[in-house]
Amino acid sequence: MAIDLICLDADDTLWHNETFFRLTYQRFAALLAPYSEAGIVAERLAATERRNLSIYGYGAKGFTLSMIETALDVIGDDVPRPVLSEILTAGREMMRHPVEVLDGVTEALDALAQRGRLVLVTKGDLFHQESKLASSGLGERFSGIEIVSEKTPDIYRRVFARYGAAPEQVLMAGNAMRSDVLPALAAGAYAALVPYEIAWDHESDAAPVDQPRYRELFSLGELAGWIDEINAASA
């Protein structure tokens, strides 16, 4: 069956995101430098963030709360007010940072729109993701927007069903093996990994082996060509 539904991730697939998290982390590590070594701060922040994902979910707000919790863990109950103020300022700046669309994305979306319906499937804070999509100017290119708390095979199956597409008619593309590729494959869809220049450890996983419905691409611009191959083979 030909590809009918093309699902795309947002952060680090359509626009820059992880870069800003890394810059904020560096700012946080420098802020806590008088109290602990950078390596210890990194370990404690990563552990706190992982622990809080099931509570706060993904995104800048949860990351800000995790920074505050880590500061309390590292410094103790008497965290100086300027430290807390700087963390909150950093969090607000992440929320307000201008959206920077990745090179070639607009042209890639134009080509993909000629091959199927486009649906954005992203996770994170609803308000922030909606704000970023509006700022990107890309929203009108999509037939649907799905902002989810997590990406699992069941979530993908529900998205596919909502748009009336069988799994074998769907292709999901994104930069995260753990969220964009593996669960989409498990749901029966095709999946493409489009790596971003910086990878978040939490989203890393081993690539599938001998899986014909999976491909790693250099850029989103290559996706239309793979869809053409899939459609030609199914004709």
Out of 48, 20, 31 - ranked by how far each Cα lies towards the positive end of the dipole of segment 18-96, with unit charges on the beta-carbon of charged residues - the top one is 20
In debye, nearest 20, what is the charge dipole magnitude of segment 18-96 about its Cα centre with +1 on Lys and Arg Cβ and -1 on Asp and Glu Cβ, if you could check? 300 debye
Would you please put 135-142, 171-178 in order of how densely packed they are, using the mean number of other Cβ atoms within 10 angstrom per residue and starting with the highest? 171-178, 135-142
Cut-off under 16 Å on the C-alpha distance; same-chain residues fewer than 8 positions from residue 61 excluded. Which lysines are left, in chain and number order? 123, 132
Label selected from [x] 67, 35, 29; [y] 74, 49, 33; [z] 55, 50, 37, the criterion being Cα extents along the principal axes in Å as computed here: [x]
So how much slack lies between residue 207 and residue 19, counting 0.36 nm per residue of separation and subtracting their Cα-Cα distance, in nm? 65.4 nm
With a ≥ b ≥ c from the Cα gyration tensor eigenvalues, square-rooted, and the rule rounded for a/c under 1.5, otherwise prolate when a/b > b/c and oblate otherwise, segment 18-96 is rounded
Within straight cross-link reach of residue 151, meaning Cα distance under 15 Å, which aspartates and glutamates are found once same-chain residues fewer than 8 apart are removed? 9, 11, 125, 180, 203, 205
With +1 on the Cβ of every Lys and Arg and -1 on the Cβ of every Asp and Glu, the dipole magnitude of the chain about its Cα centre, in debye rounded to the nearest 20, is 560 debye
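Arrange 226, 200 by Cβ neighbour counts within 10 Å, fewest through most, would you?
226, 200
Rule-based calculations on the coordinates, nothing more; no lab input. From a predicted model like this one, the values you see are computed outputs, not experimental measurements. Here Cβ is always computed from backbone atoms with ideal geometry, including for glycine, and neighbour counts include all displayed protein chains.
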